[in-house]
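Peer 1: Below is a structure I'd like to ask you about.
The values are calculated or read from the model by the stated rules, or taken from the named source; none is laboratory data. Worth saying up front: this structure is predicted, and the values here are computed from it rather than measured. When we count neighbours, we look across all protein chains shown, and the Cβ atoms used for this are built from the backbone with ideal geometry, even at glycine.
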């Protein structure tokens, strides 16, 4: 669950820290006080795109942090291990988002920097944000199949994976047919090109030596004059006949003679004499071998020309077919494979057609099985949704999952699914987008969330003003439904309804204050007395009267009885 949310220098928030609890956490506040900013900040912590526009005016960066307590590590442990993220014995996961004014935003989990894809692989298991914008996702027919499939078991998901594999293979075979389907002149041109490319590579007789050794030999031969000059100069420094410039060997011999004079009087000098003698012998050996090397070095112009031509040929092939010898060979093999297919066009074409027919028969059978499973799921879902809506004061609603067959196979089968609803007796079933009001949509979304919450095992659910368009008795029922969800999940609910606020286990109020000629947002956890005043404000507006205070107190007491 989300234990702590910290926000610093973000929009109109200078520095706040909110400590959430188990159960139902409700946040209330005036319109424009910053409730939506909390959701924006939390969304960015969880992996949504950041914007530098949210950095508080005059600040270098915004810092957002969420501290999560992981009660059950079984789901997250494999992901954390894969990402090399350590978690301490307290099972705390700290997610930090830094948004600098200059430079890219950074996300860290327990100190480990992650990209958004890696971050979302973790956060999708922690929090589900359910806001008003999700009403639009329910109106999108393409999401209806996803919602039905969310209730599938392991066998159902294995069947879906199998269908996708078969579908992908069908698509590959269709690509082969498309690549083979061309007129005879075009096919002939491609055959000629492929033959030329294969012959050009084969005639080059490339070997591994062409990659490195030939270039090394070419560099040596083309620089033989420089090498000779360097060796001649080195030899003059080792052993020179010039009286005015003595070589190293002559100087070492003089040094040996001088040490020899001294060692007659001190035996300790014997060791130095012997070591220098060894060096002298080594210098003389090097001098002889370098002389031999210099006397035998020769510029083989014929070999140099061959190497030059060979390097040019290899570089030409690399420019055309690949940046290395291995890539050139790979290109050659692929060209030969393509050539064989074109030469055996009719055979390959018929082979792909037969394979597609075979796969589509298998696909048909598996899609039929999947559709049967979906229809069973849909029947149970219809009953669950109608039951949930009945509890949400929509007892006369008829809800149906409508099935049609798509004209083509898809990776998910051949079903086209749409949710139909009738909100009043005697009315026919119609598409959600054509029949549902805002308040009805809030309840339908809550019904789905109530059903899915049992399956997804996400510990923290956030409801962002999903109570739009409802009031009175319906608001009370919605509040009780949200409270029931909070018995098995941590729920954070931003609301403007007193019926929901009264059921809170922890009640926070958010408001704006002016400080040093600047507007900042403040979040406060309310005591019992403060809750009564905030409830009274929700009931009666700015002016608090004895009547609204009494009503607020009664609502809280009534909610305590409901919770028991």
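Peer 1: Look at residue 114 and say whether it is modelled with pLDDT under 90, within 18 Å of the chain's Cα centre (by Cα) and surrounded by 12 or more Cβ atoms within 10 Å (Cβ to Cβ).
Peer 2: Criteria not met by residue 114.
Peer 1: Just one of the numbered conditions (1) surrounded by 15 or more Cβ atoms within 10 Å (Cβ to Cβ); (2) on the phi > 0 side of the Ramachandran plot; (3) at pLDDT below 90 is not true of residue 426; which one?
Peer 2: Unmet for residue 426, out of (1) surrounded by 15 or more Cβ atoms within 10 Å (Cβ to Cβ); (2) on the phi > 0 side of the Ramachandran plot; (3) at pLDDT below 90: (1).
Peer 1: While we're looking at this one, here's another question. Just to be sure before I move on: is residue 27 part of a strand (DSSP E or B), surrounded by 21 or more Cβ atoms within 10 Å (Cβ to Cβ) and in contact with a strand residue (DSSP E or B) (Cβ under 7 Å, 6 or more places away or on another chain) in the structure I sent?
Peer 2: So residue 27 fits the description; yes.
Peer 1: While we're here: I'd like to verify a number: residues in the stretch 208-256 that are more than 26 Å from residue 285 (Cβ to Cβ) and at pLDDT 80 or above, how many?
Peer 2: 0
Peer 1: When you scan the stretch 358-370, do you find a residue that is over 30 Å from residue 148 (Cα atoms) and not assigned by TED's automatic domain parsing to the domain that holds residue 312, even just one?
Peer 2: no
Peer 1: Just to be sure, is residue 532 surrounded by 17 or more Cβ atoms within 10 Å (Cβ to Cβ) and part of a loop (DSSP other than H, G, I, E, B)?
Peer 2: No; evaluated as a whole, the condition is false for this residue.
Peer 1: Something else: When you scan the stretch 62-126 for strands (runs of 3 or more DSSP E) that lie fully inside it, which ones turn up with 1 or more residues that are assigned by TED's automatic domain parsing to the domain that holds residue 17, in contact (Cβ under 8 Å) with a residue 40 or more places away in the chain and closer than 18 Å to residue 2 by Cα?
Peer 2: 92-100, 106-109
Peer 1: Regarding residue 334, is this residue without any contact (Cβ under 8 Å) to a residue 12 or more places away in the chain, within 34 Å of the chain's Cα centre (by Cα), closer than 17 Å to residue 190 by Cβ and part of a helix (DSSP H, G or I)?
Peer 2: Spelling it out, residue 334 is indeed without any contact (Cβ under 8 Å) to a residue 12 or more places away in the chain, within 34 Å of the chain's Cα centre (by Cα), closer than 17 Å to residue 190 by Cβ and part of a helix (DSSP H, G or I).
Peer 1: Here are some conditions: (1) under 30 Å from residue 74 (Cα atoms); (2) out of contact with any strand residue (DSSP E or B) (no Cβ under 9 Å at 6 or more places or on another chain); (3) assigned to a loop (DSSP other than H, G, I, E, B). Residue 504 meets all but one. Which one does it not meet?
Peer 2: Only one criterion is unmet by residue 504, namely (2).
Per-residue answers, yes or no, for (1) touching a residue at least 12 places away in the same chain (Cβ under 8 Å); (2) more than 30 Å from residue 199 (Cβ to Cβ):
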{"residue": "328", "(1), (2)": "yes, no"}
{"residue": "345", "(1), (2)": "yes, no"}
{"residue": "358", "(1), (2)": "no, yes"}
{"residue": "375", "(1), (2)": "yes, yes"}
{"residue": "381", "(1), (2)": "yes, yes"}
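Peer 1: Is it the case, given these coordinates, that residue 524 is part of a strand (DSSP E or B), touching a helix residue (DSSP H, G or I) at 6+ places or on another chain (Cβ under 9 Å), touching a residue at least 12 places away in the same chain (Cβ under 8 Å) and surrounded by fewer than 19 Cβ atoms within 10 Å (Cβ to Cβ)?
Peer 2: Yes: the conditions hold for residue 524.
Peer 1: So if I check each of 429, 363, 353, which one is more than 30 Å from residue 470 (Cα to Cα) and over 36 Å from the mean Cα position of the chain (by Cα)?
Peer 2: 353
Peer 1: Grab the helices (runs of 4 or more DSSP H) fully contained in the stretch 129-182, keeping just those with 2 or more residues being farther than 30 Å from residue 41 by Cα, at pLDDT 85 or above and in contact with a strand residue (DSSP E or B) (Cβ under 9 Å, 6 or more places away or on another chain).
Peer 2: 144-149, 154-180
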